[in-house]
Amino acid sequence: METGPDERLELLGAPVDALSCAWIVDRVGQFIESQLRRCFILTLNPEYLYRAQREPELLELAGQADIVTPDGTGIVWACAVAGTPVPERVTGIDLMLGLLAEAARRGWRVYLLGAAPGVADEAAANLQRRFPGLPVCGTWHGYFAPQEAEQVLADIVEKRPQLLFVALGAPRQERWLAENLPRIPAPVVGMGVGGSLDVLAGRVRRAPLWMQKAHIEWLWRLLQEPRRWRRMLVLPKFAWLVMKKYKLGRRLGVRRKRQ
Ligand code: UDP
């Protein structure tokens with residue numbers, strides 16, 4: 001899938017596509033209808049990008065993705081600081097819901113892989129209530145043993161989904177997609193969706209809309225799952241890294257040039 005060079009930005013070594021959610025849904029639609037090849041969507045959040053600074057493999061995975069969305073306020077802010085603003089935040093769950101609404105309308109087959117046993121089935125049942133006619137062609141939980149991995153892939157190949165949502169947590173889901181999407185012979189769009197199946201199954205509640213709009217969804221997640229606090233320590237470190245590279249670095253550069 002082509003994304004023009006003007007839309008693809010670079011942030012701390014990773015690509016970011018400056019596309020709105022509606023635009024991406026539209027592109028994915030064109031892709032599915034034209035049955036071209038496989039498409040790998042990665043939703044880039046600050047936690048992933050910060051970790052990628054020390055683990056180049058994660059940057060490589062992002063480089064392999066056909067679409068990289070700015071997932072979260074932190075990435076949207078960082079793009080603005082870098083002087084390359086993006087139109088909006090595109091989270092995994094919002095993009096997933098946008099794609100599912102289209103899937104119900106156009107009859108695209110959907111496969112849900114990941115989360116604890118039973119969660120993907122509950123999510124599928126809720127989604128079919130929300131989007132009547134949504135074709136869910138298969139589900140598999142995300143705690144399969146290494147020796148079961150081939151069976152999981154065989155099931156996906158057999159069910160021939162057009163949309164494959166993978167909820168194994170980052171970066172495991174991105175590794176899984178990069179390794180396995182090329183092994184699926186039929187055209188397919190694959191996307192990592194983190195904890196979205198838990199939300200869609202109703203096991204975890206998403207932040208109320210006012211919190212999402214106030215850009216404090218992270219606070220809600222912290223209150224819901226206090227064990228996440230350690231992971232959230234990354235946010236200030238990420239902000240500092242961005243300031244250092246795109247503000248201080250630039251100022252120092254200008255000062256050096258003047259001397
Ligand atoms: N998960 C899984 N298999 C694993 C580890 C995690 O299916 O071996 C699931 C987990 O149950 C959850 C999701 O992956 O549904 C990850 O959620 P989390 O919120 O940690 O992911 P993030 O949004 O931070 O990527």
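The values are calculated or read from the model by the stated rules, or taken from the named source; none is laboratory data. Since the model is a prediction, treat every value here as computed from it, not as a measurement. When the accessible area is computed, the model is the full protein with side chains, heavy atoms only, and any ligands, DNA or RNA have been set aside. Shrake-Rupley method; radii C 1.70, N 1.55, O 1.52, S 1.80 Å.
Each residue of the chain gets 133 Å³ once the volume of the Cα convex hull is shared out per residue.
So what is the 222 nm mean residue ellipticity for the chain from helices alone, if each DSSP H run of at least 4 adds -39500 (n - 2.57) and you divide by all residues, rounding to the nearest 500 deg cm²/dmol? Walk me through the numbers before you get to the answer.
Numbers: 14 runs with 128 residues, N = 259.
It comes out at -14000 deg cm²/dmol, rounded to the nearest 500.
Expressed as a whole percent, the accessible area of the chain that falls on carbon and sulfur atoms is 55 (1.4 Å probe). Taking L19, L235, L200 as the candidate residues, the one with maximal mean-square fluctuation in a Gaussian network model of the chain, Cα springs under 10 Å, is L235.
Between L127, L36, L181, the GNM of the chain built on Cα springs shorter than 10 angstrom shows L36 fluctuating the most.
In this structure, the amide hydrogen of V16, modeled 1.01 Å from its nitrogen in the peptide plane, lies closer than 5 angstrom to those of L9, E10, L11, counting only residues at least 5 positions away or on a different chain.
Long hydrophobic helices in the chain: the complete DSSP H runs spanning 15 Å or more by Cα along their own axis with mean Kyte-Doolittle hydropathy of at least -1.0 are 21-34, 92-106, 119-130, 149-159.
Of the residues E88, E158, E102, the one that moves most in a GNM of the chain with alpha-carbon contacts below 10 Å is E158. Of the beta bridges in the range 1-143, as assigned by DSSP with both residues counted there, near 35 percent are antiparallel. Sequence-distant contacts, meaning Cα pairs under 8 Å at least 6 residues apart, place the relative contact order of the range 20-145 at 22 percent.
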